[in-house]
Each structure stands twice: as C-alpha cells, then as structure tokens.
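> So that we are looking at the same thing, I have put the structure below in structure tokens.
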Amino acid sequence: MDGVLIDSEPLWKIAMSEVFSSIGSSLTKQDFQKTVGLRIDEVIHFWNNQEQWGISDESEVEEAIIKKMESLIAENPQALPGVINTLNFLKSKKIPVGLATSSSSRLIKVVLDSLAIKPLFHFVHSAELEKYGKPHPAVYLTVAKKLAIQPEKCLVIEDSLVGVIAAKAAKMTAVCIPEKTHVMDPRLILADFHFENMDDFLATIQ
C-alpha cells in the first residue's frame, strides 16, 4: 500500500520525525531508510534498541505515529499515477486483487476510504495480524490463501527491498516500482520485473 497505492512514504517520515523528536530523538529522515517496509511497531522497537531510548511502553509511541498518519493522509489523499486505472483494468478482466501491507488496519481504512478504492480489492490484510511482518512472507501467503490462489500464480507489486524479499520468500513473482524518495538499493534487482511507475506496468500487462 505505502509507496505503491499512495505516496505515503514522505508522510511516514514526517510523522516519525515529529513523534521521535518529541521523545528526544535526533534521528533524521535519512535514518528512516533503514526501516522502510517494516511494521511500525517493529520500526519503533528497532530504534528504541538502536538509540537506547529506554522506552518501556512502545505502544504509546506507535499510537502517536498512527494518529499523525491518519491526519496527514486524510488531509490530501492522492493515488500514485496509474493506480486507479490499473485497478479498474484488473477488475474488468475479473482478476482477483488482494492488498497485503505492513500498515495497520486503521491506516488501511483511511487510505481505501480516502481514495474510494475499497471495492476494487477482493481481500485486504495487515501484517499487524501476523506473528511476523515483512520480510517474512506470512502476510502475502495469507492473502493468497484467502483469494484461493496458489502463491506461485500470484504477482506482487512492491516498492521496497523488504517487500520484494517477502514476495520472493512466498514464491511469488515480484514487480518492483521503487518509491521515489528512497535511496535506490541495488539489491532490488531481486525483483522479477522493474517499472518506473504503475502506468508503465499497466501498459505492459495490457
């Protein structure tokens, strides 16, 4: 979802920077590159240990970031180029479409409602409901099971290395459309296909 359906990665950096600063952190938006694609609870846990914040209740920090994200997304929701046309094309071809994201169920709702695209998905699922988040393949395997499609017949669109690894671990075909604010990671070559944006992807599958 983040960085694929909606340009939310810059918003995550704003939200994390604001909340982390409030607890005395000096992390920069460049530092957040290290945790792209992880669940927000895993991001907070990583930095709490790495920076030795000494926070005992990480859930309070998580709640503050999610609240800020809900506000930022609702203020100006915009689907990334090609997303709406691609989803409509897949619907016209009766191809099942699932959403597997590291974001929380609350943010899934905000994004799908704000963009009015919920009816275009057959199943949506958050990695917060799995024991392990990406790069573990669990979230993708659950969606494939719900769609009643073998993992080997699924195609995943991802923007981050963590997501591509999760897709490949699930034995799925991986398309990479890199998020533009990320530093390009040469390891994204792991993906089976690469596109500049969703418009290019749509032109190819058409």
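> Using a Förster radius of 25 Å, what is the FRET efficiency between Ile14 and Asn85 based on their Cβ-Cβ separation? Nearest 0.05, please.
FRET efficiency, Ile14 to Asn85: 0.35.
> Charges only on Cβ, +1 for Lys and Arg, -1 for Asp and Glu: so what's the dipole of the chain about the Cα centre, in debye to the nearest 20?
About 920 debye.
> Moving to a separate point now. How big is the dipole moment of the range 52-115 about its Cα centre under a simple scheme where the beta carbon of each Lys and Arg is +1, that of each Asp and Glu is -1, and everything else is neutral? Debye, nearest 20, please.
Magnitude of the dipole: close to 660 debye.
> Give me, ordered by chain and number, the residues 5 or more places off His194 or on other chains with an amide H under 5 Å from its own placed amide H.
Cys176
> Taking only DSSP H segments of four or more residues, each worth -39500 (n - 2.57), what value at 222 nm results for the chain once the sum is divided by all its residues, to the nearest 500 deg cm²/dmol?
Working: 8 runs with 91 residues, N = 206.
It comes out at -13500 deg cm²/dmol, rounded to the nearest 500.
> With both partners inside the chain, how many of the DSSP beta bridges are antiparallel, as a percent to the nearest 5?
10 percent
> In addition: Which one of Lys146, Lys134, Lys168 has the biggest mean-square fluctuation once the chain is modelled by GNM with Cα springs under 10 Å?
Of Lys146, Lys134, Lys168, the Gaussian network model singles out Lys146 as fluctuating most.
> Placing +1 on the Cβ of each Lys and Arg and -1 on the Cβ of each Asp and Glu in the chain, which of Leu107, Ser21, Ile40 has its Cα farthest towards the positive end of the resulting dipole?
Leu107
> Report, in degrees rounded to the nearest 10, the 0 to 90 angle that the Cα long axis of helix 40-50 makes with the longest principal axis of the chain.
40 degrees
> In the chain, if the dipole is taken from +1 on Lys/Arg beta carbons and -1 on Asp/Glu beta carbons about the Cα centre, which of Phe195, Phe121, Tyr132 is farthest to the positive end?
Phe121
> Under 10 Å, Cα contacts only: if you run a Gaussian network model on the chain, which one of Lys13, Lys94, Lys118 comes out with the highest mean-square fluctuation?
Comparing Lys13, Lys94, Lys118 in a Gaussian network model of the chain, the most mobile one is Lys94.
> Summing Lys, Arg as +1 and Asp, Glu as -1, what charge do residues with Cβ under 15 Å from the Cβ of Glu60 carry, Glu60 excluded?
-4
> So, counting K/R as plus one and D/E as minus one, what does the shell of residues with Cβ under 9 Å around Ile40 add up to?
With Lys, Arg at +1 and Asp, Glu at -1, the neighbours total -3.
> Compare Gln50, Gln78, Gln30 in a GNM of the chain, Cα atoms joined below 10 Å, and give the one with the largest fluctuation.
Between Gln50, Gln78, Gln30, it is Gln50 that shows the largest mean-square fluctuation.
> For Lys91, go through the lysines and keep the ones whose alpha-carbon is under 30 Å away, minus same-chain ones fewer than eight residues off.
Lys109, Lys118, Lys134, Lys145, Lys146, Lys153, Lys168, Lys171, Lys180
> Kindly identify the range 121-165 as rounded, prolate or oblate by the Cα gyration tensor criterion: order the square roots of the eigenvalues as a ≥ b ≥ c, call it rounded if a/c is under 1.5, otherwise compare a/b with b/c, prolate if a/b is larger, else oblate.
oblate
> Related question: If I model a spin label at Lys34 and Leu129 as a point 7 Å from the Cα along the Cα→Cβ vector, what separation in nanometres do I get?
Modelled inter-label distance: 3.2 nm.
> Starting at the first residue of the range 24-38, write each ³J(HN,Hα) from the Karplus equation 6.51 cos²θ - 1.76 cosθ + 1.60 with θ = phi - 60°, in whole Hz, x for Gly and Pro.
For the range 24-38, the Karplus-derived couplings read x, 7, 10, 4, 9, 5, 5, 4, 5, 4, 5, 10, 4, x, 7 Hz, x marking Gly and Pro.
> Compute the signed sum of charges (Lys and Arg +1, Asp and Glu -1) over the other residues within less than 9 Å, Cβ to Cβ, of Ile14.
Here the charged neighbours net out to +2.
> Taking the alpha-carbon centroid of each part, what is the distance from the range 1-37 to the range 63-95 in angstrom?
If you average the Cα positions of each part, the centres end up 18 Å apart.
> Taking amide H positions as placed in the peptide plane 1.01 Å from N, state which residues far from Gly3 in sequence (5 or more) or on other chains have amide H under 5 Å from it.
Under 5 Å from the amide H of Gly3 lie the amide H atoms of Ser8, Glu9, each far enough along the sequence or on another chain.
> At Lys94 and Met184, where each label point lies 7 Å from the Cα along Cα→Cβ, what is the point-to-point distance in nanometres?
4.1 nm
None of the figures in this text is laboratory data; all of them are computed from the coordinates on show. Keep in mind it's a predicted model, so treat the numbers as computed, not measured. Cβ: placed from backbone, ideal geometry, glycine included. Neighbour counts: every protein chain shown.
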